[in-house]
Structure formats: structure tokens, C-alpha cells
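Taking it in order: structure first as C-alpha cells, then the write-up.
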Amino acid sequence: RTLIGQFTIGGMTCAACVNSVEGILRNLPGVKRAVVALATSLGEVEYDPSFISKEDIVSAIEDAGFEASFVQ
Ligand code: 9UX
């Protein structure tokens with residue numbers, strides 16, 4: 001099963017922030033695809049909910065020093 005989650009991500013100010021957030025997301029177990037956009041502060045993550053929850057995804061982003069909240 002695959003779900004798509006959309007997140008607002010705060011605190012990204014340069015392209016390297018985007019790369020680091022995408023890298024964090026792509027390394028999480030159960031994450032199949034992750035794309036983050038600097039201009040809109042939005043991220044989209046395709047994930048398997050039997051491995052990871054949207055709350056865990058938010059926590060992983062926040063542990064890296066950014067703010068995150070789940071949109072839908
Ligand atoms: Mo850019 Mo982001 O110099 O954590 S990497 S601000």
C-alpha cells in the first residue's frame with residue numbers, strides 16, 4: 001500500500017536545505033519518493049503506512065531543524 005502525504009516545511013532558505021530534507025526523507029524506511037520545493041515550502045512524500053506514519057515523517061523533518069506539518 002502506498003499513500004501520498006503533503007507537508008509544509010518551514011525554515012528552508014537555500015537549495016542545499018532542499019537537498020538535505022529530501023535526503024532525510026528518502027532515507028526513511030517505507031519512503032518511496034520524496035520531492036521538496038523551496039519556492040512553495042511544500043513537500044510530497046510517497047510512503048508505505050505499514051513502515052512509517054505521517055507523524056514520523058513530520059518528526060524526522062523537525063529533528064533536522066526544520067518545521068513541518070502535514071497537509072493531507
Ligand atoms: Mo543553506 Mo539550509 O546555506 O539548512 S543548507 S540554509
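The values are calculated or read from the model by the stated rules, or taken from the named source; none is laboratory data. On a predicted model such as this, the values are computed, not experimentally measured, just so you know. In this analysis, Cβ positions are derived from the backbone assuming ideal geometry, glycine residues included, and neighbour counts consider all displayed protein chains. Ligands, DNA and RNA are excluded from the accessible area calculation, which covers all protein heavy atoms including side chains. Shrake-Rupley method; radii C 1.70, N 1.55, O 1.52, S 1.80 Å.
Restricting attention to the range 58-72 and to residues that are touching a Leu at 6+ places or on another chain (Cβ under 9 Å) and closer than 16 Å to N19 by Cα, the residue that is surrounded by the fewest Cβ atoms within 10 Å (Cβ to Cβ) turns out to be A60. Of everything in the range 35-48 that is away from the ligand (no atom under 16 Å from the Cβ) and surrounded by 13 or more Cβ atoms within 10 Å (Cβ to Cβ), the residue that is nearest to G11 (Cα to Cα) is L42. Residues of the range 30-68 that are small (G, A, S) and over 14 Å from I4 (Cα atoms): A37, A39, S41, S59, A60, A64, G65, A68. Taking residues in the range 20-31 that are at negative phi, and partners anywhere that are assigned to a loop (DSSP other than H, G, I, E, B) and within 16 Å of the ligand (Cβ to nearest atom), the pairs with Cβ atoms closer than 6 Å and at least 6 places apart or on different chains are I24/A64. If we keep just the residues of the range 1-19 that are within 14 Å of the ligand (Cβ to nearest atom) and either open to solvent by less than 50 Å² (accessible area, probe 1.4 Å) or part of a loop (DSSP other than H, G, I, E, B) (or both), which is nearest to I57 (Cα to Cα)? Of everything passing the filter in the range 1-19, I9 is nearest to I57 (Cα to Cα).
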